[in-house]
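The values are calculated or read from the model by the stated rules, or taken from the named source; none is laboratory data. Note that this is a predicted model, so its numbers are computed, not measured. Neighbour counts run over all protein chains shown; Cβ positions are idealised from the backbone, glycine included.
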Amino acid sequence: MFPLFRRKKKEPLDLRDEELSPLEGLRKAGWRAFLRNVPVEKIRSAGFSGADPHNPFVLTLQAIAGGRSARFRGSLLENFYECWQPFAGRNPAELEKPAPWRARAQTAGNTASGRLQRGEFTAVAQELGLDAGDMRGHITGGPVTEAFGEVTLRRMARIYQSVQETGYHPERSPAGHLRGAYFLREDDFRVLVGSGKHRVAALLALGYRVIPVQFGPPKLPVIVRREEVDQWPGVLKGLYSRDEALARFDRIFSGAHPSGWCPPQR
């Protein structure tokens, strides 16, 4: 009997130093995953623009670095979740509805509830002496439990400290690179980061102006074109109206957070 060999995972094609449009990068890579350097002004993560001066995740990490308490209670992050609660009273099925441009729903492990069962969440909860069963919430908005907020803040703070001390080396990490999708509108683009929101917050707080992102094999589509809204799966299935789908796209593109949250004066 011949021995079985595990096929080696291909590394993404490194296009970080090339001046290519999103479409040119996709064509050059073919079906292979590829890396691009993305200016923070173009990045969207956890509902915020990478250049938003009022990003609560970034401000909270900067406050911790400046000597403020590293606890969730009393933090700007807690204030944000108290002020912005889009998930309050919502049907769980509605919360897990795929984005209008996605072809299929999230797998169980990538749903809001499934993410709370991942090892990185439960391990930090155990270290802090928290009951994992008390973790309820979503990183993009409240309501959240204090346990969820504490674990979220601690995970971001650890990433921040690691990058500060040793630099950012995603190729060495089991998590790999940030994963994203291009959102195209006419001749301009934005990048929605779908995997790695905690890392984005840490990198922004540390002052990174350009962040490498991997495109494909996608959890999101590699490219989402606004003019193709009538072909988006969620619109074709009737999960979203055309106007609803475009409003969601345009909010991501503009980088305007719907809460209009600003840090309270202290």
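From the list Phe80, Phe72, which residue is within 18 Å of Phe148 (Cβ to Cβ), at pLDDT 75 or above and assigned to a helix (DSSP H, G or I)?
Only one candidate qualifies: Phe80.
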(message) Condition check: closer than 23 Å to Asp52 by Cβ and modelled with pLDDT of 90 or more. Does Gly142 satisfy that?
(response) yes
(request) Select from the stretch 18-42 the residues that are over 15 Å from Leu184 (Cα atoms) and either in contact with a Cys (Cβ under 8 Å, 6 or more places away or on another chain) or of a type in the set (Gly, Ala, Ser) (or both) and list them in ascending order. (result) Ala29, Gly30, Ala33
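Condition check ((1) within 22 Å of Glu19 (Cβ to Cβ); (2) among the basic types (Lys, Arg); (3) surrounded by fewer than 18 Cβ atoms within 10 Å (Cβ to Cβ)) across all residues:
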site	(1), (2), (3)
Lys197	no, yes, no
Leu204	no, no, no
Gly216	yes, no, no
Asp230	no, no, yes
Leu246	no, no, yes
Asp250	no, no, yes
Ser259	no, no, yes
Pro264	no, no, yes
(request) Would you please name the residue that is nearest to Phe72 (Cα to Cα), looking only at residues in the stretch 147-181 that are among the acidic types (Asp, Glu) and either surrounded by fewer than 16 Cβ atoms within 10 Å (Cβ to Cβ) or at pLDDT 95 or above (or both)? (result) Glu165
(request) State all residues of the stretch 21-65 that are assigned to a strand (DSSP E or B) and more than 17 Å from the chain's Cα centre (by Cα); if no residue qualifies, say none. (result) Phe34
(request) Go through Ala201, Ala181, Ala247 for me and flag whichever is in contact (Cβ under 8 Å) with a residue 12 or more places away in the chain, more than 21 Å from Arg155 (Cβ to Cβ) and small (Gly, Ala, Ser). (result) Ala181
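State yes or no: is Gln62 surrounded by 14 or more Cβ atoms within 10 Å (Cβ to Cβ) and at pLDDT below 95?
Criteria not met by Gln62.
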(request) Just one of (1) farther than 25 Å from Ser173 by Cα; (2) touching a strand residue (DSSP E or B) at 6+ places or on another chain (Cβ under 6 Å); (3) without any contact (Cβ under 8 Å) to a residue 40 or more places away in the chain trips up Asp14, so point out which. (result) (1)
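Could you name every one of the helices (runs of 4 or more DSSP H) located completely within the stretch 144-263 that has at least 2 residues being in contact with a strand residue (DSSP E or B) (Cβ under 8 Å, 6 or more places away or on another chain)?
197-205, 242-254
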(request) Tell me which residues, restricted to the stretch 53-87, are out of contact with any helix residue (DSSP H, G or I) (no Cβ under 8 Å at 6 or more places or on another chain) and closer than 26 Å to Ala181 by Cβ. (result) Pro53, His54, Trp84, Pro86
(request) Return the total of residues in the stretch 129-152 being polar (S, T, N, Q) and either closer than 18 Å to Lys97 by Cα or touching a Phe, Trp or Tyr at 6+ places or on another chain (Cβ under 6 Å) (or both). (result) 1
(message) Scan the stretch 100-112 and tell me whether some residue there is at pLDDT below 70, surrounded by 12 or more Cβ atoms within 10 Å (Cβ to Cβ), under 17 Å from Pro143 (Cβ atoms) and not acidic (Asp, Glu).
(response) yes
